[in-house]
Amino acid sequence: MPETGLLLQMLAVLMAIGAVAGVLAGLLGVGGGIILVPAFFYTFQMLGYDGPQLMQVCLATSLATIVVTSVRSVLSHNKKGAVDWEILRAWAIGIAIGAALGMLVASSLRSVTLQAIFGCLGVVIGLYMGFGRSAWRLGQQMPKGAGRVVLSPAVGFLSVLMGIGGGSFGVPLMSLFNVPIHRAVATAAGFGVIIAVPAVIGFLGMEVIDAPPYTIGAVNLVAFAVIISMTMITTPYGVKLAHAMDAKPLKRVFAVFLTLVALNMLRKALGY
């Protein structure tokens, strides 16, 4: 049984992380996982839980929160008629297959390898957020046939390896293929559910060495409960801020922050 003081520390830090993640999600439209995974990693490490499968715990716990937040998000967007169900149905099977494969690969990799993967992909996402242009196009409609067969599993696979939902890869992908941004954001919430559910089911059956307290499989229940509670409280404030101010400069600042966080994780993975 862990010391009460350590649990209180863990609770306080996780509450702060959840509050910040909720505000940023509402303000910038970024998915929680891109914030939560590095935050979980540094928090658990700071508290002394630096086991060989720490990154798996971070990924699994982040994905568990995404199950809840993505369901809420897609239902909310659907009330406004923003979800493109045709895209969602066409891409669902491939994304789910990719997510299941991603979980199997992630569960077998060393934590340091997952750090390196998160670092590399995080830099790519950060650079796209900072320098990407809404006018960029790869096509006038979402790929079908061989293109969809390749891209749909890739979205699920890469998202699970980073512990993120559908936004970080799904929104840019749909935007590049001429899907309007609001429809892309709404539909990507559906991607998040399809990514997170099979991955979390798999991670719940995983055996983890030296896991933080109250962890089932690779999902930490304390972090899950605290993050869900805090983001429900703070996300609406982020949405209000987004309507009251220009979020574009802040998005570029966040892109720089994300790139630096990803580079730091990559540095640690390489042993520097």
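Nothing in this text is a laboratory measurement; each read-out follows from the coordinates by a stated rule. Not measured: the values here are computed from a predicted model. Every residue, glycine as well, gets a Cβ built from its backbone with ideal geometry; the counts of neighbours run over all protein chains shown.
Answer rounded, prolate or oblate for region 1-120, using the Cα gyration tensor with square roots of eigenvalues a ≥ b ≥ c: rounded when a/c is under 1.5, else prolate when a/b is larger than b/c, else oblate. The shape class here is oblate. Fully extending the segment from Thr113 to Ala244, taken as 0.36 nm per residue of separation minus the present Cα-Cα distance, adds 43.0 nm.
Distance between the pseudo-spin-label points of Phe131 and Gln9 (7 Å out from Cα toward the beta carbon): 4.0 nm.
Rounded to the nearest Hz, the phi-derived 3J(HN,Hα) couplings of region 133-142 under the Karplus curve 6.51 cos²θ - 1.76 cosθ + 1.60 (θ = phi - 60°) are 10, 5, 7, 5, 9, 9, x, 9, 8, 4, where x marks glycine and proline. Close lysine pairs were tallied over the chain: pairs 8 or more places apart or on different chains with Cα atoms under 29 Å apart number 11. For the chain, the membrane-span-like helix rule (DSSP H, alpha carbon extent of at least 20 Å along the helix axis, mean Kyte-Doolittle at least 1.0) picks out 4-28, 85-108, 111-131, 146-162, 181-204, 221-244; this says nothing about an actual membrane. Note on Asn264 and Leu104: their simple-model spin labels are 3.6 nm apart, each label 7 Å out from Cα toward Cβ.
Pairs of Cα atoms nearer than 8 Å and 6+ residues apart set the relative contact order; for the chain it is 37 percent.
The modelled label-to-label distance for the pair Gln141/Ile216, using points 7 Å beyond Cα in the direction of Cβ, is 4.4 nm.
Each residue in Leu75, Leu63 was given a count of other beta-carbon atoms within 10 angstrom of its own, and listing them fewest first yields Leu75, Leu63.
With kT/(6 pi eta Rh) evaluated at 25 °C and eta = 0.890 mPa s, and Rh the Kirkwood radius from Cα pairs, region 110-185 diffuses with a coefficient of 184 µm²/s according to Stokes-Einstein.
Segment Ala154..Ala90, full-extension length gain: 21.6 nm, with 0.36 nm per residue of separation and the alpha-carbon distance subtracted.
Peptides 190-202, 258-270 ranked from most to least packed by the mean count of surrounding Cβ atoms within 10 Å: 190-202, 258-270.
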